[in-house]
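Asker: Take this structure first; my questions come after.
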Amino acid sequence: MIITVASFKGGVGKSTTAIHIATYLASKRGKTVLADGDLNRSVIQWAERGGKSVPFLVCDGESIRTDYDHLVIDTAARPTDYDLAALAETSNLLVIPCTPTTFALEATIGTLTTLPTDRYRILLTVVPPKPSREGEKAQQALKKAGLPVFKSMIRRFSAYLKAENAGVPVNQIRDPKASEAWLEYEAVGKELWKVAKK
Ligand SMILES: Nc1ncnc2c1ncn2[C@@H]1O[C@H](COP(=O)(O)OP(=O)(O)O)[C@@H](O)[C@H]1O
Ligand SMILES: [Mg+2]
């Protein structure tokens, strides 16, 4: 299976999402490669920090390895309509992370007008904790606009920053919220597996 992660705004958890989807696929579904197609090479540097603790293979976007069951691609930020259509064509599903903020939502809703809705699914990320209702409100707004959105949302946890620094996925971090955080990406993985197999 090929899963492509793309977003219209930087800093919305695109690389974090690619890393955790790859972690899910590697632990539950088979040999997984994550291709870092972004110019900043965040995933490659992250994997260098983590070394052997990284549960999947990482390569760059130019020389994609072919020895995998599943491929996850972290794309360069801000794809054009044309890029997006091409990415959708070559992957089982496009995952579009988006924070529940007006700028990110506007960028996402405004850009996704031409892509068939069965080719992608929006994932709300860095969702503020309760009592904030921003996550639910954003989910409603996206649904109202007719856009497909993951049922599971990814909340904001400082465990992700620890994981980023250590070069490992959040399920390898010692943090009171690490397992809660991991459960959310695991739920995304399960949802994605169902949708993308169709
Ligand atoms: N759910 C989250 N909770 C808290 N911090 C997060 C979360 N997701 C990502 N981050 C942090 O936000 C920053 C941007 O995330 P990143 O995945 O690098 O975004 P992008 O690839 O879209 O630029 C990173 O420091 C990352 O660790
Ligand atoms: Mg990134």
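Please treat every number below as a calculation from the coordinates, not as lab data. Remember, predicted model here, so these are calculated numbers, not experimental data.
Asker: HN-Hα J couplings of the range 139-147 from phi, Karplus 6.51/-1.76/1.60, θ = phi - 60°, integer Hz, Gly and Pro as x?
Answerer: Listing the rounded values in order: 4, 4, 4, 5, 4, 4, 6, x, 9 Hz.
Asker: Taking θ = phi - 60°, what integer Hz values does the Karplus form 6.51 cos²θ - 1.76 cosθ + 1.60 yield along the range 179-190, in sequence order, with x for Gly and Pro?
Answerer: Rounded to whole hertz, the list is 6, 4, 4, 4, 4, 5, 5, 5, 5, 4, x, 5.
Asker: Among the aspartates and glutamates, which have Cα under 16 Å from the Cα of Lys177 when same-chain residues fewer than 8 positions away are ignored?
Answerer: Glu164, Glu186
Asker: Say the cut-off is 21 Å between C-alpha atoms; which of Lys31/Lys52; Lys31/Lys197; Lys52/Lys197 go over it?
Answerer: From Lys31/Lys52; Lys31/Lys197; Lys52/Lys197, over 21 Å: Lys52/Lys197.
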